Amino acid sequence: MANTKVAIIASNGSLFDAYKVLNVATAAAASDAAVGIFFTFEGLNLIHKEGHKNLPIPEGKEHFQEGFEKTNVPSIEELIGVAQELDIKLIACQMTMDVMGLEKEEFVDGIEVGGAASYIDYAKDANISLTF
């Protein structure tokens, strides 16, 4: 996947969304793709220091929690660490942070803060663009 660039928008904040975003992102980065994720609205919970520890499971899907534990699926915290080790660009939406009254210090270390223009600049030459 060398020379592949993946741009992802994470705008939803459930546990399932976190796994979708981080599994695809880390798999792409592990295959030598450059990966950037733009976190906006509820998606900011995925990189919030406390928020990502208590992501909701969609109603009626609680049985998945047991499956996650039985199969030793990494936690969201672990996947964020893997993403950082793989140099995945984590961009928090400035506008959403402003609207929600959030500061950069409330998020995991190593994130960037930028507006939609930052994402567009990153994504303009991406081979793959995804939204979760």
Flagged in the stretch 27-39 as surrounded by fewer than 20 Cβ atoms within 10 Å (Cβ to Cβ) and of a type outside the set (A, V, I, L, M, F, W, C), in numbering order, are Ser31, Asp32
Within the stretch 37-65, residues more than 30 Å from Lys124 (Cβ to Cβ) and part of a helix (DSSP H, G or I) come out as Lys53, His63, Phe64, Gln65
The residue from Val35, Val99, Val113 that alone is in contact with a strand residue (DSSP E or B) (Cβ under 6 Å, 6 or more places away or on another chain) and free of Cβ contacts under 8 Å to residues at least 24 places away in the same chain is Val113
Scanning the stretch 40-54 for residues that are surrounded by fewer than 22 Cβ atoms within 10 Å (Cβ to Cβ) and either small (Gly, Ala, Ser) or within 9 Å of the chain's Cα centre (by Cα) (or both) gives Gly51
Original post:
Based on what the data block shows, is Ile47 touching a strand residue (DSSP E or B) at 6+ places or on another chain (Cβ under 7 Å) and more than 16 Å from Ser129 (Cβ to Cβ)?
Top reply: yes
If you check Ile88 against the conditions, is it touching a residue at least 60 places away in the same chain (Cβ under 8 Å), within 12 Å of Ile47 (Cα to Cα) and not basic (Lys, Arg)? no
Subset of the stretch 7-36, residues more than 13 Å from Val82 (Cβ to Cβ) and assigned to a strand (DSSP E or B), comes to Ala7, Ile8, Ile9, Ala10, Ala34, Gly36
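Bear in mind that the values in this text are calculations on the coordinates, not laboratory data. Everything quoted here is computed from the prediction, not taken from an experiment. We place every Cβ from the backbone using ideal geometry, glycine too, and count neighbours over all the protein chains shown.
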